[in-house]
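The values are calculated or read from the model by the stated rules, or taken from the named source; none is laboratory data. Model, not experiment: these values are computed from the prediction. Don't worry about glycine lacking a Cβ; one is built from the backbone with ideal geometry, like all the others, and counts go over all protein chains shown. When the accessible area is computed, the model is the full protein with side chains, heavy atoms only, and any ligands, DNA or RNA have been set aside. Shrake-Rupley method; radii C 1.70, N 1.55, O 1.52, S 1.80 Å.
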Amino acid sequence: MIYDYREYTLNPGATPEYMAAVREVALGIREKYGVKLAGWYYSDLGELNKVVHIWAFRDHKHMKEAKAQVTADPDWTGKYMPRVRGLIQSQKTYLMLSPDFAPVPA
């Protein structure tokens with residue numbers, strides 16, 4: 001498995017609205033293309049307005065194909081992106097590899 005690890009800084013107070021957009025739109029789109037949610041977290045203490053997503057892919061080929069499918073999906077471009085575009089201040093993305101002893105998301 002490989003993981004797309006994403007850290008976002010959101011506008012102050014935007015976390016609930018961002019989470020609603022992910023829950024209502026983005027999760028289903030990603031699942032449709034075989035992308036597994038491996039972790040989703042938001043800050044409660046310390047540096048606020050931070051969100052972390054971790055998305056699991058079978059391999060590099062699956063990641064490339066699924067990302068292309070997600071970004072081409074009309075619900076992604078027409079429903080999800082317009083809801084979240086103004087909520088995000090910054091994003092960091094990392095490609096993380098998993099060792100053979102790590103758990104695999106269901």
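Think of the chain as a dipole: +1 on every Lys or Arg Cβ, -1 on every Asp or Glu Cβ, centred on the Cα centre; then among T77, T15, A38, T77 lies furthest on the positive end. Within straight-line reach of K50, meaning a Cα separation under 16 Å, sit the following lysines at least 8 residues removed in sequence or on another chain: K92.
Amide H contacts for D73 (H built 1.01 Å from N in the peptide plane; partners 5 or more residues away or on another chain; cut-off under 5 Å): none found. Accessible surface computed residue by residue for the chain, with neighbouring protein chains in place and a 1.4 Å probe, gives 62 Å² per residue. These residues, Y5, Y18, Y94, Y41, go from largest to smallest accessible area, 1.4 Å probe, as Y41, Y94, Y5, Y18.
Remark: spin-label model distance A20-K67 equals 3.0 nm, labels positioned 7 Å along the Cα→Cβ axis. Projected label points at N11 and S43, each 7 Å from Cα along the beta carbon direction, are separated by 1.8 nanometres.
Accessible area ranking (1.4 Å probe, heavy atoms, ligands and nucleic acids excluded), largest first, for E47, E7: E47, E7.
Positive contributions from Lys and Arg (+1) and negative ones from Asp and Glu (-1), summed over other residues with Cβ under 13 Å from the Cβ of A38, come out at +2. Using a probe of 1.4 Å on the protein chains alone, the accessible area found for M81 is around 50 Å². Counting only protein heavy atoms and using a 1.4 Å probe, the accessible area of H60 comes to about 100 Å².
Fully extending the segment from R58 to R85, taken as 0.36 nm per residue of separation minus the present Cα-Cα distance, adds 6.9 nm. Label positions at T77 and K92, each projected 7 Å from the Cα along the C-beta direction, are separated by 3.1 nm. Extents of the chain, largest first, come to 38, 35, 21 Å (Cα atoms, principal axes, whole angstrom).
Whole-Hz Karplus values for segment 28-35 come out as x, 5, 5, 4, 4, 9, x, 8 Hz, taken residue by residue from phi with 6.51 cos²θ - 1.76 cosθ + 1.60 and θ = phi - 60°; glycine and proline positions read x.
Computed over the alpha-carbon atoms, segment 20-75 gives an Rg to Rh ratio of 1.04, Rh here being the Kirkwood radius from the mean inverse distance.
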